[in-house]
Structure formats: structure tokens, C-alpha cells
Amino acid sequence: MNLRFKILSGFLILAVMLFAAGLVSIAELNRIRYSVRGLLEENYISIVAARDMRDALEEQHSGILMLALKDREDGWQSLEKAHGDFQQAFARARENITLPGERESVDAVETAYLLFRASWSNFEAGSRGRDKKLLYLEEVYPSLQNVTTAVNHLMTLNGNALHDTAVGLQNQAGRTIMPGIVAIIAAIVFTLVFNFFINLYVIAPIRRLTRAVTSHVRDGEPMIIRTESRDEISRLAEAIQELVLYGGPKNSRKSS
Amino acid sequence: MRPQIILRYLGLILLFNAFFLLISTLVSAATGGGAFFSLLFSTVVSVLFGLFPLVFVPPSDDITNREGLYIVVCCWLLSCLAGALPFVLWGGEFTFTNAWFESVSGYTTTGASILTSVEALPPGLLFWRAATHWMGGVGIIIFVLAILPAMGGAYLVLYRNEMSTLAQESLQYRTRKTLKILLYVYIGLTFMETLLLIAEGMGPLDAVAHAFATIATGGFSTKNTSIAYYSSPVIEITVIAFMFLSAVNFGLLFQCVTGHPGDLLKSPVFRYYTASLVIGVILVAVNLHGSIYPGWIDAWRHAAFQVIAQGTSTGFASADSAVWPPFAQLVIIFLMIQGGCAGSTSGGMKADRLILFWKVVRRRMVKLRHPKAVVVIRAGQSVVDDDVAETVLTFILLYLLVLFVSTLAITLFGVDLLTAFSGTTAAMGGVGPGFGTVGSMANYGHMPGAVKWILTLDMLVGRLEIFGLILFFTITRWK
């Protein structure tokens with residue numbers, strides 16, 4: 001193998017290693033980007049929607065209490081507004097189903113909310129001639145608790161996913177850095193090895209060659225040059241040996 | 001010494017590692033799980049570092065003993081380092097210390113893990129973990145020499161350092177042929193076990209990983225609860241059979257399947273090894289009956305599995321032997337120190353050495369009664385000279401000394417005595433799980449970092465059969 005190829009291969013290997021490290025880091029960074037997007041779009045939107053639903057439920061609860069205190073106008077106003085808010089938040093949660101088990105959780109919220117709605121309609125109508133306080137304690141409040149529990153479950157589900165993604169991000173950040181660190185250490189080791197080979201297979205033969213030529217010229221010692229590999233340096237050594245042996249161009253030697 | 005020759009062999013070893021890294025990368029690409037880039041980058045680095053010395057250094061057949069020793073030791077260390085790379089790049093529980101521990105444990109076929117949840121690893125990394133066992137088991141050097149022709153006289157020098165003298169003698173083959181035999185037996189056993197495990201209901205990847213770990217007498221499982229996960233007596237019987245076979249001298253196994261089955265039963269080492277395991281199983285089963293397991297069936301089943309798993313230095317688990325009575329634990333610890341037969345992938349002192357040890361003891365007793373008697377020690381048909389006997393005694397003494405010093409050093413870090421002693425025994429013997437807090441259902445993750453480094457050193461000392469590592473650090477001029 002010739003020397004040019006050997007030296008070129010050293011630099012090529014170094015370049016490929018750095019390129020690979022860069023490529024892996026870019027790929028991991030890209031994955032972080034997607035994870036962050038997932039964090040924001042998938043989990044955070046659902047968490048905010050669940051929080052809005054909980055706020056709306058609290059407002060509806062206030063509305064019901066106002067109705068109980070005979071403040072019908074404010075009570076209804078509050079109930080209708082809160083119902084609208086809840087529906088909007090619920091629609092957002094429904095459009096953003098991304099996790100396993102999230103659909104079931106959203107369905108549970110819907111079912112519980114419908115029952116809650118039915119319970120406060122009954123409450124307002126004072127259905128079946130029952131005592132309103134009793135109706136509140138036996139139907140309205142428990143159904144409100146059910147909806148809150150279902151919304152909390154949806155929130156926890158997304159909160160856990162948010163936490164998992166954040167932990168994953170921490171790992172991915174490490175994975176982005178590590179190829180760079182490995183490439184730096186590998187490049188240092190590689191440089192040392194490369195330097196050793198250059199010394200052994202390029203510098204040392206050239207020194208031997210120089211020493212042999214000098215000894216021959218100064219002291220008339222025989223030209224014996226030992227090379228380990230077949231490359232440009234071994235061919236140079238052969239050429240010098242030939243020059244020393246024949247002392248000039250072969251053609252002119254023949255003619256004389 | 002010529003460092004360039006050592007670098008050339010290190011390059012070959014890296015390429016061999018890179019081949020398995022590439023397979024792991026492909027497994028990762030096919031199954032997903034997130035380790036693809038870690039494995040791919042490790043493959044690229046290994047290939048580049050492996051190719052470079054081959055470009056510069058011309059092949060050389062004549063290597064000296066000293067170079068051979070350096071090649072063997074450096075190959076182990078470099079392989080362990082390359083093996084840690086995918087773990088470090090993947091992250092998770094793998095700090096550099098943990099990754100180094102896992103990798104050394106893999107290559108030395110120990111099977112001790114730092115992972116609290118093995119199942120959290122992606123399939124590609126699980127395959128790589130098992131592959132480190134398989135490569136380590138066959139002896140990286142031996143394998144590369146066997147598949148790479150044109151190395152001529154280099155075989156013998158490397159082989160002398162890789163295999164214990166006893167193993168060479170009992171194989172009764174010349175080096176090149178021995179290497180082929182080892183390979184045939186090794187690959188054959190791996191294929192057979194993989195197929196059987198798949199037929200018994202294990203998934204293909206799990207079957208390959210468990211076969212790799214069994215034949216290398218390693219013990220890395222793809223499940224948190226090891227073989228107990230499958231709760232299948234058929235799988236347990238299969239694994240028991242292959243663990244037992246993997247700790248038998250491969251040369252004897254080869255002779256057995258090529259028309260000389262009698263040789264196996266005639267071998268005193270095989271007879272001693274089998275008898276010690278059978279007696280171990282009986283003692284442990286009797287001890288467990290009533291105290292841990294009310295029924296005989298469970299007592300026999302788990303005693304057989306655990307005794308053979310730890311006695312052959314494999315280290316799989318079907319039950320938590322850390323909660324077993326002290327008597328059962330001590331029986332297992334004795335078998336862990338003893339190990340399997342020389343010429344196999346098992347660890348420990350090796351049954352061959354213990355037989356010689358008992359013979360030396362018997363000769364001393366005879367000489368005490370008859371001081372002028374000439375008593376020779378025989379191993380099979382051949383007479384063992386005093387040098388070999390002395391080496392065996394020195395080895396056993398050094399083994400116990402290292403065991404004691406390591407235990408002492410580990411207790412310095414606040415680790416309890418049972419955990420420290422059994423952990424060191426398991427590390428040096430290439431077993432994996434010990435007792436105490438490092439039992440068969442536990443891991444080494446909670447150990448202090450310094451303890452992990454001590455244990456990895458024990459693993460390497462055990463794998464290089466003590467003398468290899470001592471010589472590596474002490475010789476200056478050795479022709």
C-alpha cells in the first residue's frame with residue numbers, strides 16, 4: 001500500500017469519525033426537538049384543558065349554590081357561562097388525544113359531566129318534590145365530585161406523560177453530548193496512534209536513509225537500507241541504491 | 001517488543017467487536033427502542049479504529065511470548081472499553097463506571113449487572129449485552145485466530161496465554177485443531193439451545209440472548225427475574241442441561257459426539273465435576289425442603305437450577321437464593337469457587353485444579369507415613385511433574401489471597417461481609433449473582449463506585465487466571 005493512501009486514510013478516518021459524531025448529535029438534537037414539541041403540544045395542552053374544565057366546574061358549583069340561595073339570575077348566568085367554558089375546554093381535550101388510555105379518560109369525563117348536568121337541571125326544577133338540600137347532598141354534589149375525579153385523572157395521565165418526557169429529555173441531552181465527548185477522546189487517541197505510525201513508517205525510514213547516504217558519502221560504507229513496507233520510501237531507497245551502484249544514467253553508462 | 005504488532009491485533013479484535021455491534025444495530029433498527037444511534041456510532045468508531053492499524057502495519061507471523069501476553073491482556077481491556085461504548089452513549093442508568101462494569105461483566109462471562117430494570121433496555125442493547133458474553137466466552141483471541149487464516153506460528157503464543165496449561169493438556173490437540181473444535185462445539189451448542197428455547201415458547205431474540213449467555217456460562221438475561229420470569233419447567237430443564245454441558249471440557253464433548261462417548265465417562269475430571277454438582281443439588285434440596293419449600297418438587301427444581309447455575313458459573317436464577325438457609329448458600333459458594341472444567345467457558349478455580357490439589361494432599365499424607373516412598377501424581381494416563389503441581393498449589397493460594405484481599409477492600413466501603421465475600425467470589429469465578437444484597441434477584445447497582453471497580457478487577461483477574469495479569473504488570477524482559 002502506498003504512503004499517500006496510508007496518510008490519506010488517517011485523515012479520512014478522523015474526518016469520518018467527526019462527521020459521524022456530528023451526525024449522531026444532530027439526530028439526537030432532532031429527537032429532542034420532537035420531544036419538546038410533544039411535551040408542549042400533546043401533554044401540556046391537555047393539562048391546561050383539564051385545568052380549565054376544573055375551573056369551569058367550580059364556577060358551576062358556585063352557580064348552583066346561588067340557585068340554592070334563590071339568586072336565580074346570577075346563578076343561571078354563572079351556570080351557562082361555566083358550561084360554555086367547560087365545553088370549550090373539553091373540545092380541546094378531545095381534539096388532543098395522544099396517550100394510551102386518554103380516550104377512555106375523556107369519555108369518562110363526558111359521561112360524568114352529562115350526569116352532573118342532569119343533576120343540576122333536576123336541582124333547579126326541584127324534581128320529584130324533594131328537599132333541595134337533600135337533592136344537593138345526594139345527587140348534585142356527588143356527581144360534581146365524579147366529574148372532578150374524572151378530570152383529575154385526565155390531568156394526572158398527561159402530567160405523568162409530561163414527567164416521563166422530561167426525564168427522557170434529560171437522557172436525550174446526555175446522548176447528544178456523549179458522541180461529541182467520545183469523538184474528542186477518540187480523536188486524541190487516534191492522533192497519538194497516527195503520529196506513532198508516521199514516525200515508525202515515514203520518519204524513521206527517512207532518517208535511516210539519510211544516515212545510510214551520509215555514511216556512504218563520508219566514510220564510504222556500503223549502502224544497505226532496510227525498509228519494512230513496499231511504499232514510496234522503499235522505492236526511494238531502491239532508487240538511491242541504484243544511483244550509488246551505477247553512479248549515473250544507465251543509458252550513458254552503456255554508451256561509454 | 002513491537003507495539004505496531006500489538007496494535008494490528010487490537011485492530012482485528014475491534015473489527016470482530018464491530019461485526020457484533022453492526023448486528024446489534026440492525027436488531028435495533030428492526031425492533032426500535034432508541035439505541036440505534038448509540039450502537040451505530042459505536043460501530044463506526046470500532047470499524048475506523050480497527051481498520052487503521054491494518055492499513056499501516058503489514059501482517060506478521062512471528063510474535064514473541066511477551067507480545068502475545070500483551071496482545072491477550074490488551075485485547076480484553078480494549079474489548080471491555082469498546083463494549084462499554086454503546087452503554088455510555090445510551091445513558092439511562094449507565095454512568096461510565098456502570099457501563100464499564102456491565103461490559104467487563106459481559107466479556108468475562110460473569111453476568112453481574114448494575115441494572116435495576118433490565119427490561120427497560122431497548123432490544124438492540126439487550127442483544128449487544130448478550131453478544132459480549134458470547135464473544136468473551138469463546139475467548140476473543142481464540143475466535144479471531146480461528147477465523148483469520150495466515151497467521152501461522154502466532155497461534156501458539158497467543159493460545160498459551162489464553163487457555164490455562166491444564167486446558168491445553170486435557171484437550172490433547174494441537175492448537176489450530178483445538179481452536180476449530182472449540183468453535184464447532186461452541187457454535188453447535190448455541191444453535192441447539194436457541195432452537196430448543198424457541199420451540200419451548202421463548203421469543204427469538206430472548207432465545208438467542210439466553211443461548212449466548214448459557215453457552216458462554218455468562219448469565220445475562222433479558223428479563224428482570226431471569227429464567228424465573230418464564231415459570232416453565234421445560235425451559236428450566238433445557239437451560240440446566242446446556243449450563244451443565246457448557247462447563248464441560250469442549251474437547252471431551254467433541255470426542256463424545258464424534259464417536260467416542262466413552263471418553264467422557266472415563267475422564268476423572270468429568271466424573272468429579274458431575275459428582276460434585278449432584279451432591280450439591282442433593283444437599284441443597286434436602287436443606288430447602290421444609291425450610292423454604294414445603295414440597296419436594298419445588299425443593300428439587302430450584303435446588304437443581306440454582307446449584308447448576310451458580311456451580312457452572314452461569315448465574316441465571318429460577319428463585320431468590322439470597323433468602324435460602326446458610327448451609328445451602330455455603331454449598332453453593334464452594335461450587336462457585338470450584339467452577340467447571342478447564343477447556344470450557346466456565347470460571348472459578350476449575351475442577352481439574354482441585355483434583356490435582358487433593359492428589360497433592362494425598363501424596364503429602366503418604367509421605368508423612370513413608371518418608372522415603374516415591375509417590376507420583378497422575379492426571380489420566382500421564383504423570384504430572386512437580387512443577388505443574390506446584391503451579392496448581394500456587395494458583396489456589398493466590399486465588400484465595402485475592403479473594404480475601406478483595407473482600408477486605410470491599411468491606412472498607414461499608415458493605416456487609418456476606419455481600420462482600422459472595423460478591424467477590426461471584427466476580428472472580430465469573431458467576432454473577434452472590435448472596436446478601438447481590439443475590440440472584442438483585443443487582444450490583446447500589447454498590448459504591450470504588451467497589452464496582454474492585455469487582456471488575458476481580459473479574460479480569462479471574463478470567464486471565466491470575467498469572468496472566470500478574471505477568472502483564474511485572475515482566476520487563478521475557479523471551
- Net charge of Cβ neighbours under 15 Å - reference residue B:36; Lys, Arg +1; Asp, Glu -1: +1
- Task: Set the Förster radius R0 to 35 Å, insert the Cβ-Cβ distance between residue A:36 and residue B:23 as r into 1/(1 + (r/R0)^6), and round the FRET efficiency to 0.05.
- Result: 0.60
- Query: How big is the Rg/Rh ratio for the protein assembly as shown, C-alpha atoms only, Rh by Kirkwood, two decimals?
  - Reply: 1.14
- Task: Can you tell me the FRET efficiency between residue A:185 and residue A:137 if r is taken as the Cβ-Cβ distance and R0 is 56 Å, rounded to the nearest 0.05?
- Result: 0.20
- Message: If packing is taken as the average number of other Cβ atoms within 10 Å across a peptide's residues, how do A:32-38, B:394-400 rank, most packed first?
- Response: B:394-400, A:32-38
- Query: Using a Förster distance of 35 Å, how high is the FRET efficiency between residue A:170 and residue A:94, based on the Cβ-Cβ distance and rounded to 0.05?
  - Reply: 0.65
- Kirkwood-type radius of segment B:11-74, with distances r between different C-alpha atoms, in Å: 13.3
- Given the options A:96, A:146, A:199, state which has the largest fluctuation in a GNM of chain A using a 10 Å cut-off (strictly under) for Cα springs. A:199
- Query: Averaged per residue, what accessible surface does chain B expose to a 1.4 Å probe, in Å²?
  - Reply: 38
- Query: Ordered by residue, what ³J(HN,Hα) values in Hz, to whole numbers, does segment B:42-59 give under the Karplus form 6.51 cos²θ - 1.76 cosθ + 1.60, where θ = phi - 60° and Gly and Pro are x?
  - Reply: 4, 4, 4, 4, 5, 5, 5, 5, x, 6, 4, x, 5, 5, 8, 8, x, x
- Task: Enter the mean number of other protein chain beta carbons within 10 Å of the beta carbon of each residue in A:9-21, as an integer.
- Result: 3
- Task: Starting from the Cα gyration tensor of chain B, take the square roots of the eigenvalues, sort them a ≥ b ≥ c, and report rounded, prolate or oblate (rounded when a/c is under 1.5, otherwise prolate if a/b is larger than b/c, else oblate).
- Result: rounded
- Indicate the gyration tensor shape class of segment A:209-248 (rounded, prolate or oblate), computed on the Cα atoms with a ≥ b ≥ c the square roots of the eigenvalues: a/c under 1.5 is rounded; otherwise a/b larger than b/c is prolate and the rest oblate. oblate
- Taking 0.36 nm per residue of separation and subtracting the Cα-Cα distance, what length does fully extending residue B:453 through residue B:385 add? 20.7 nm
- Using protein heavy atoms only (no ligands, DNA or RNA), what is the total accessible area buried between A and B, 1.4 Å probe, nearest 100 Å²? 2500
- Solvent exposure of chain A as accessible area per residue, Å², 1.4 Å probe: 59
- Note on the structure: Non-local residues with an amide H under 5 Å from the amide H of residue B:377, with H modelled 1.01 Å from N and Pro and chain starts lacking one, are B:384
- Note on the structure: Output ordering of B:213-223, B:36-46, B:343-353, A:180-190 (per-residue mean of other Cβ within 10 Å, highest first) is B:213-223, B:343-353, B:36-46, A:180-190
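Using the Cα gyration tensor of segment A:84-182, with a ≥ b ≥ c the square roots of its eigenvalues, what is the shape: rounded (a/c below 1.5), prolate (a/b larger than b/c) or oblate (neither)? Provide the component values of the computation, followed by the final result.
Details: a/c = 5.13, a/b = 3.64, b/c = 1.41.
Since a/c reaches 1.5 and a/b is larger than b/c, the shape of segment A:84-182 is classed as prolate.
Hey, can you rank B:250-260, A:234-244, B:312-322 by average C-beta count inside 10 Å, highest first? Provide the component values of the computation, followed by the final result.
Details: B:250-260: 18.4, A:234-244: 14.9, B:312-322: 27.5.
The peptides rank, most packed first, as B:312-322, B:250-260, A:234-244.
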- Item | Label-zone membership for segment A:195-209, site residue A:221, 7 angstrom Cα→C-beta point, backbone N under 16 Å | A:205-209
- Global size of segment A:141-213 as Cα Rg and Dmax, reported in angstrom: 31.1, 105
- When the accessible area of the protein assembly as shown is split by element with a 1.4 Å probe, what percent falls to carbon and sulfur? 65
- Give, in nm to one decimal, the length gained when the segment between residue B:191 and residue B:364 is fully stretched (0.36 nm per residue of separation minus the Cα-Cα distance). 57.6 nm
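Other chains' Cβ within 10 Å of A:25-32 residues: what's the mean?
Details: counts 2, 1, 4, 5, 0, 0, 2, 0.
Taking the mean over all residues of the peptide, I get 2.
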- Message: Using helices alone, I'd like the mean residue ellipticity at 222 nm for chain A: each DSSP H run of four-plus residues gives -39500 (n - 2.57), total over residue count, nearest 500.
- Response: -28000 deg cm²/dmol
- Note on the structure: Diffusion coefficient in µm²/s returned for chain A by Stokes-Einstein, Kirkwood Rh over C-alpha pairs, 10 °C and 1.306 mPa s, is 61
- Mean other chain Cβ within 10 Å across A:172-183 is 4
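The values are calculated or read from the model by the stated rules, or taken from the named source; none is laboratory data. Being a predicted model, the structure only gives us computed values, none of them experimental. Please note: Cβ atoms are built from the backbone with ideal geometry, for glycine as well, and neighbour counts cover all protein chains shown. Side chains included, ligands, DNA and RNA excluded: accessible areas come from the protein's heavy atoms. Shrake-Rupley method; radii C 1.70, N 1.55, O 1.52, S 1.80 Å.
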